[in-house]
1. So which helices (runs of 4 or more DSSP H) stay within region 1-68 end to end and still have 2 or more residues that are within 15 Å of ARG259 (Cα to Cα) and under 21 Å from the mean Cα position of the chain (by Cα)?
2. For region 177-202, which residues satisfy the criterion of being closer than 17 Å to ALA270 by Cβ and among the charged types (D, E, K, R)?
3. Among the residues of region 279-289, are any at pLDDT 95 or above and touching a Ser or Thr at 6+ places or on another chain (Cβ under 8 Å)?
4. May I ask you to list the residues in region 249-272 that are part of a helix (DSSP H, G or I) and more than 19 Å from ARG3 (Cβ to Cβ)?
5. Name, by its number, the condition in (1) part of a loop (DSSP other than H, G, I, E, B); (2) within 10 Å of the chain's Cα centre (by Cα) that does not hold for PHE288.
6. So if I check each of ALA156, ALA152, ALA161, which one is in a helix (DSSP H, G or I), closer than 30 Å to THR52 by Cα and touching a Lys or Arg at 6+ places or on another chain (Cβ under 8 Å)?
7. Collect the residues in region 164-190 that are in a loop (DSSP other than H, G, I, E, B) and closer than 16 Å to ASN131 by Cβ, keeping them in residue-number order.
8. How many residues, within region 299-321, are out of contact with any Ser or Thr (no Cβ under 7 Å at 6 or more places or on another chain) and surrounded by fewer than 24 Cβ atoms within 10 Å (Cβ to Cβ)?
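The values are calculated or read from the model by the stated rules, or taken from the named source; none is laboratory data. Keep in mind it's a predicted model, so treat the numbers as computed, not measured. Because the Cβ atoms are built from the backbone with ideal geometry, glycine has one as well, and the counts that use them run over all protein chains shown.
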Amino acid sequence: MTRIDYRQAVEEIKGADERAMARASEYCDALIKPPGSLGVLEEIAIRLAGITGREKNTMEKRAVIVMAADNGVYAEGVAAAPQSFTALQAVNMTRGICGVNVLSKAAGADVFVIDIGIKTKPDTDAILDRNIKRGTDNIAIGPAMTRSEAEAAIGAGFDAATELFDKNYDILGTGEMGIGNTTTTSACAAALLGMEPEKAVGRGAGLSDEALKNKIAVVKKALAVNSPDSADPLDILSKVGGLDIAGLAGCYLAAAYHRKPILIDGAISAIAALIAMRLCPKAKDFLFATHRSTEPSYDAVISALGLCPFLEMEMRLGEGSGCALAFTIIDGACTMMNDMGTFEDISFDDSVLVDIRTKKEHDGHDK
């Protein structure tokens, strides 16, 4: 495989195929149902057409790609779990016993775990080694990483996703594993969107009130110490971000380049998607939000992406668990287009068809 530099790829990315979307929209209206009655499924089907150029699609070969990395800000007491849990849980994912594994199994999806920044090298060949740095530095006292390390991590994510697309995967979900990564996510959200840390910072895996106050103070300190440039996503990523976030951003850019749909999980993968969109606005056309995370920054980030999640499940596990559930929703949209009949397939009084179409046009004018 010839390696593609993600920066070159960004210049070549084209947005959604508007003509294919128009054809898919027309076909949706021809299905045996009231226009728009399948709601979000129709929106998904139309957006998939814009990605692939085809009105009818199947997304049979699917996977969740999990970026695992440690964060130096852990030293500030911002997490309830020990830092060693990053490597432990990454290994557990290769054993198939974590939340993302069991939900992906139910959806017929593979799970690939990538070490992009775990502090201690995992003792298994089942984790793909793409390590850029053995954990980021502490953002409370300086930058998380250099700009070149951030770019290398984006490139590693781009390459990892590209390898899967080259193996004929139709669609990817994204997940992460990294103790302390809700802190880096909150800092990135504050820098990208101008959010007050009090509104961006959440309890993560279950912090006490006192620990939450400390976490907010740490994010404030990180922003003050590093002064990230709100207009430069790479500056933000390198100063207050994480290697997992950078790797996921690369995955989103790869999906856009290869014209494949890719799913966003929770708050961490959403901030990575926003960074990818800031690097390449057309990348948005290939993104789907899966479930609404309970992390405080999520709603603002997903709104900035211009997306709306499919599911309200009160989940905050991460790992890509929401993507695993959402594959079934994607299947529903594809099945609707592939298997439902049209009005032309049945005997139908032409006058009724005229009434339906007239009502649709009338409703559209009312809006």
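1. Of the helices (runs of 4 or more DSSP H) lying wholly inside region 1-68, those with at least 2 residues that are within 15 Å of ARG259 (Cα to Cα) and under 21 Å from the mean Cα position of the chain (by Cα) span 6-12, 39-52.
2. Residue satisfying the conditions is LYS199 alone.
3. First, the residues of region 279-289 that are at pLDDT 95 or above: 279-289.
Keeping just the survivors that are touching a Ser or Thr at 6+ places or on another chain (Cβ under 8 Å) gives none.
Scanning region 279-289, I find no residue that is at pLDDT 95 or above and touching a Ser or Thr at 6+ places or on another chain (Cβ under 8 Å), so the answer is no.
4. Listed by number, the residues that qualify are ALA267, ILE268, SER269, ALA270, ILE271, ALA272.
5. For PHE288, the exception is condition (1).
6. Values: ALA152 fails: touching a Lys or Arg at 6+ places or on another chain (Cβ under 8 Å); ALA161 fails: touching a Lys or Arg at 6+ places or on another chain (Cβ under 8 Å).
The match here is ALA156.
7. GLY178
8. Counting residues in region 299-321 that are out of contact with any Ser or Thr (no Cβ under 7 Å at 6 or more places or on another chain) and surrounded by fewer than 24 Cβ atoms within 10 Å (Cβ to Cβ) gives 12.
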